[in-house]
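Report on the following structure.
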Amino acid sequence: MKTTKNRWLIALSAIAIHLSIGAAYAYSVYTNPINDAMGWSTTEITYAFTIMMALGGLSAAFFGSFVEKNGPRKSAILAAILFGLGQAGAGFATQIDSLLLFLLTYGLASGLGLGIGYIAPVSTLVKWFPDRRGLATGMAVMGFGAGALITAPVAASLMGSVGITNTFYILGASYFVLILLGASYIAPPPKDWMPDGMKKDIASGKKVVKKDLSELTAKQAVKTRRFWMLWTMMLINTTAGIMMISVASPMAQEVVGLTAAAAATLVGIMGIFNGGGRLAWAAISDYIGRPTVFIIFFILQLITFITLPNITSVLVFQALILVVVSCYGGGFSNLPAFIGDLFGTKQLGAIHGFLLTTWSLGGILGPVLVSQIRERTDSYIPVFYVFTGLILVAFVVAIFLQLEIKSVEKKKQEKQQITA
């Protein structure tokens, strides 16, 4: 069966979807203008972001089977409706001065759209790039990380010229159209599809197809040890990353005396490392393998958290923060390909959804842990010791997961030799 679809345009469609929903990370740009215009407290305004982030991970888990059943196009269209209406609805909420409606639109509707939109194109991308799984999903998830970098200045400029309400209307409509454009082209490849170059390499013996460890449904996957090992690794990696993102500015100012302006610059650079780390680590994983990449993540972060309490250099301190943020982004971009390696692509979207519960949980645990430790000890230094322990746990789990993978592979080989 010949396909007329271009896999690079499929990747571009996925990026369009992720760029749009990635705008969620630019939320802080709205906080002060809404506070000034509406008089709502910063805490009340932040509730909408908290709801959206929590629902992003939970809805990904809840709607994973929906994505598998209905395909990427219908799922992305639903995401366009929910996310677009959520953003535009936030404009109407500010127009009629209703905090409750703002929480329901920006928080609830956008959160549901965020979760569905995040997983909708990913399993399809993995199938279109059997030769470069990491790179493919890295491109899409980098789009998610870059969404805030584009949205923040655009939203700030719009609010200055047309006001908050019209900004939400304009951006809501823009996201709806962009996601819809992505949805219009995206589609899964024919069964067992391979690019021509990969077929030639296999035929010539230049390349050997590495089969997935297993081909499991979502229900079967969650019953395996390796699922929960990966879930634990993702939870700790995500918690560490979100913790660092949530307090990077005040932490750097307090620990090494960074100025407020320099700290603001650091936050901007963190966005670049978050997005760049997603693409770079995912591309590297195609050559050294996903298990090895995660082990490297935890080695780097162990060195970072052990070193941070003793650092006085402003530049070194910032560099170490960027290492953690890079690993945080890389965890998300490697996850879909890792799922394919471990459980196959049969229900990758649904399994991905279940694993993204770590996103919601990490989004709560990271900020809560750091704020509680800082409040009780009046210092950020103990935070580094706590996360050294957590990362050490993740490192041990990553080693055990690699051993588990090798054990399963060995059993498969022995079974093949017996049946041969």
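The values are calculated or read from the model by the stated rules, or taken from the named source; none is laboratory data. It should be emphasised that the depicted structure is a prediction, and the values quoted were computed from it without experimental measurement. Using ideal geometry, Cβ is built from the backbone for each residue, glycine included, and neighbour counts are taken over all protein chains shown. Ligands, DNA and RNA are excluded from the accessible area calculation, which covers all protein heavy atoms including side chains. Shrake-Rupley method; radii C 1.70, N 1.55, O 1.52, S 1.80 Å.
Quick look at the values:
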read-out	value
Qualifying residue in the range 68-80 (condition: surrounded by fewer than 24 Cβ atoms within 10 Å (Cβ to Cβ), touching a Gly at 6+ places or on another chain (Cβ under 6 Å), part of a helix (DSSP H, G or I) and charged (D, E, K, R))	yes
Selected residue (only one of I202, I242 is out of contact with any Asp or Glu (no Cβ under 8 Å at 6 or more places or on another chain) and either open to solvent by less than 30 Å² (accessible area, probe 1.4 Å) or under 21 Å from L308 (Cβ atoms) (or both))	I242
Residue satisfying condition, being touching a Leu at 6+ places or on another chain (Cβ under 7 Å), assigned to a helix (DSSP H, G or I) and at pLDDT below 90, within set M229, M243	M243
Hits in the range 52-67 - residues which are in a helix (DSSP H, G or I) and of a type in the set (F, W, Y)	F62, F66
Of all residues making up the range 28-48, the number that are under 12 Å from Y106 (Cα atoms) and either surrounded by fewer than 21 Cβ atoms within 10 Å (Cβ to Cβ) or touching a strand residue (DSSP E or B) at 6+ places or on another chain (Cβ under 9 Å) (or both)	2
Filter result for the condition that a residue is modelled with pLDDT of 90 or more and over 28 Å from G277 (Cβ atoms), over S75, S110, S161	S161
Residues (more than 20 Å from the chain's Cα centre (by Cα), among the aliphatic types (A, V, I, L, M) and assigned to a helix (DSSP H, G or I)) located in the range 81-112	I81, L85, A88, A90, A93, L99, L100, L101, L103, L104
Hits in the range 246-265 (condition: open to solvent by 20 Å² or more (accessible area, probe 1.4 Å) and in a loop (DSSP other than H, G, I, E, B))	G257, T259
So V397, is it of a type in the set (A, V, I, L, M) and either modelled with pLDDT under 95 or touching a Leu at 6+ places or on another chain (Cβ under 8 Å) (or both)	no
Qualifying positions in the range 150-162 - surrounded by fewer than 19 Cβ atoms within 10 Å (Cβ to Cβ) and in contact (Cβ under 8 Å) with a residue 24 or more places away in the chain	I150, A156
Positions within the range 404-420 being farther than 12 Å from L213 by Cα and either in contact (Cβ under 8 Å) with a residue 40 or more places away in the chain or assigned to a helix (DSSP H, G or I) (or both), in sequence order	E414, K415, Q416, Q417, I418, T419
Among (1) open to solvent by less than 70 Å² (accessible area, probe 1.4 Å); (2) over 23 Å from the mean Cα position of the chain (by Cα), the one test that K415 misses	(1)
Unique match (being over 15 Å from the mean Cα position of the chain (by Cα) and at pLDDT below 95) among P382, P336	P382
Matching entry among A183, A152, A203 (being more than 26 Å from the chain's Cα centre (by Cα) and either assigned to a helix (DSSP H, G or I) or more than 25 Å from G289 (Cβ to Cβ) (or both))	A203
Filtered residue count, the range 315-350, keeping only those that are touching a Gly at 6+ places or on another chain (Cβ under 7 Å) and among the β-branched types (V, I, T)	2
